[in-house]
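Here the structure is laid out as structure tokens; the discussion comes afterwards.
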Amino acid sequence: KARSLADLGNVYDDGALSHRNMLINGSFAVAQRGTSFTADNVFTLDRWKSGDGTGGSPARTLSQETFTLGQTDVPNAHYYLKHDQTAASTNGNSSLVQKIEDVTRFDGQTVTLSVYAKADAAMDVDIRFIQDFGSGGSPSSDVTLTETVGIGTSWTKYTVTKTMGSLSGKTLGTDGVHTSFLSLDLEFQPTSTFTFEGALFQLEYGDTATPFEHRSYGDELAR
């Protein structure tokens with residue numbers, strides 16, 4: 001029997017399944033700059049920056065890797081990111097960063113980050129949400145929320161839920177929202193050698209992690 005849109009109720013208004021993930025290239029499918037990087041503080045797989053949390057430049061390779069077809073550890077994933085730190089850091093921790101444009105989108109909002117990850121040995125990762133109020137003029141100082149997550153040695157889905165600070169009393173720079181952002185930083189705590197692997201990164205409104213939003217390659221590339 002044919003059904004009209006009216007028969008479907010509020011399926012498009014309540015709990016919509018599209019446009020949930022505020023991160024771009026959370027599947028690590030788009031790699032216009034290449035698939036392997038060794039420099040620090042550079043953009044790597046599209047939208048993702050390999051940085052150093054507080055200084056220093058430990059030797060590392062960040063690469064796009066491909067799952068074996070048919071694997072079930074990370075459902076419906078084809079690519080993953082690998083951060084292989086091959087030398088100890090003498091000054092600061094390495095990190096993985098994406099900046100999400102327009103800090104006003106997160107005014108007092110509760111958000112949930114979900115990610116599949118594993119490491120070659122148990123390690124801690126500091127998940128930082130940094131509200132940056134832009135440049136020009138006298139913007140307010142950054143506001144940072146941090147949660148430490150222990151990463152194990154097998155693929156596991158981790159979630160972090162935080163409520164962002166209110167923008168009441170805050171001041172944007174004279175560039176307005178155009179240079180403001182929310183920065184998602186994964187700061188790796190080991191200063192020795194380690195390997196971290198991650199897949200299906202998703203950041204969404206609310207206190208519940210929903211299934212990863214798979215977008216077409218063309219849609220992801222356009223974003």
Taking region 116-165 only, how many residues are loosely packed, with under 15 Cβ neighbours inside 10 Å and of a type in the set (G, A, S)?
10
Condition set closer than 19 Å to V125 by Cβ and of a type in the set (D, E), scope region 23-62, selection farthest from the chain's Cα centre (by Cα): answer is D40
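Could you tell me how many of the residues in region 55-67 are in contact with a Lys or Arg (Cβ under 9 Å, 6 or more places away or on another chain) and open to solvent by 30 Å² or more (accessible area, probe 1.4 Å)?
Step one: list which residues in region 55-67 are in contact with a Lys or Arg (Cβ under 9 Å, 6 or more places away or on another chain), which gives 61-65.
If we keep only those that are open to solvent by 30 Å² or more (accessible area, probe 1.4 Å) too, we end up with 61, 64-65.
Selection size over region 55-67: 3.
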Would you check which residues across region 68-115 are among the aliphatic types (A, V, I, L, M) and either open to solvent by less than 10 Å² (accessible area, probe 1.4 Å) or over 14 Å from the mean Cα position of the chain (by Cα) (or both) and list them?
L69, V74, A77, L81, A87, A88, L96, I100, V103, V111, L113
Of those in region 166-187 that are among the hydrophobic types (A, V, I, L, M, F, W, C) and part of a strand (DSSP E or B), the residue surrounded by the fewest Cβ atoms within 10 Å (Cβ to Cβ) is F181
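The values are calculated or read from the model by the stated rules, or taken from the named source; none is laboratory data. What you see is a predicted model, and the numbers here were worked out from it, not measured in a lab. Neighbour counts run over all protein chains shown; Cβ positions are idealised from the backbone, glycine included. Heavy atoms of the whole protein, side chains included, go into the accessibility calculation; ligands, DNA and RNA do not. Shrake-Rupley method; radii C 1.70, N 1.55, O 1.52, S 1.80 Å.
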